[in-house]
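A.B. asks: Below you will find the structure I want to go over with you.
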């Protein structure tokens, strides 16, 4: 008799735990869905989440797909560029080509996100990070993108300090067809 009562309470506890878990999981997903939108670019074959209040800007498109979004809380700009010898050298070229954004002594930080090597590029310490001096994330695209007569294999995402890591951490391949 004691065994049946004990088994009943264990099963009841497990059922309650299951219900509570799914309730909180559903709440988290609803809040996430309400607070974010999904950027998808079939040319670059990428997707990631961004704040829902951001809107596409009229400038900056890759074959008709917007590459710049902006809102009160921040922004992002995506692009794809041809690779140089390796990813590290490509990031050096990004820094050299954008010295007004990053200054004379930018910081280059290697990282691994989703098992993929990438680099965060930070403006020099004397510059205030923001729209005029953004942080840039550079990594290899899963598949080359072909546009403007070039084969582009490197992805760049420019954003502000508050959002760059969230954007990059939600970055996934996107294959619409």
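A.B. asks: Which of the numbered conditions does residue 4 fail, given that it passes all the others? Conditions: (1) outside any strand (DSSP E or B); (2) exposed (fewer than 14 other Cβ atoms within 10 Å of the Cβ); (3) modelled with pLDDT of 95 or more.
C.D. replies: Among (1) outside any strand (DSSP E or B); (2) exposed (fewer than 14 other Cβ atoms within 10 Å of the Cβ); (3) modelled with pLDDT of 95 or more, the lone unmet condition for residue 4 is (3).
A.B. asks: Checking residue 76 against (1) assigned to a helix (DSSP H, G or I); (2) within 12 Å of the chain's Cα centre (by Cα), only one condition comes out false. Which one?
C.D. replies: Status for residue 76: all satisfied but (1).
A.B. asks: Here is a follow-up. When you check residue 174 against the structure, is it in contact with a strand residue (DSSP E or B) (Cβ under 8 Å, 6 or more places away or on another chain), modelled with pLDDT under 95 and surrounded by 15 or more Cβ atoms within 10 Å (Cβ to Cβ), yes or no?
C.D. replies: When the stated conditions are applied, residue 174 passes them.
A.B. asks: Can you find, within the range 37-66, the residue that is nearest to the chain's Cα centre (by Cα) among those that are without any contact (Cβ under 8 Å) to a residue 60 or more places away in the chain, closer than 13 Å to residue 167 by Cβ and surrounded by 14 or more Cβ atoms within 10 Å (Cβ to Cβ)?
C.D. replies: Step by step, filter the range 37-66, then rank; the result is 39.
A.B. asks: Moving on. Taking the range 111-167 as the region of interest, how many residues are surrounded by 16 or more Cβ atoms within 10 Å (Cβ to Cβ), under 13 Å from the mean Cα position of the chain (by Cα) and in a loop (DSSP other than H, G, I, E, B)?
C.D. replies: Total satisfying the criteria: 2.
The values are calculated or read from the model by the stated rules, or taken from the named source; none is laboratory data. Since we're looking at a predicted model, the values are computed, not measured. Using ideal geometry, Cβ is built from the backbone for each residue, glycine included, and neighbour counts are taken over all protein chains shown.
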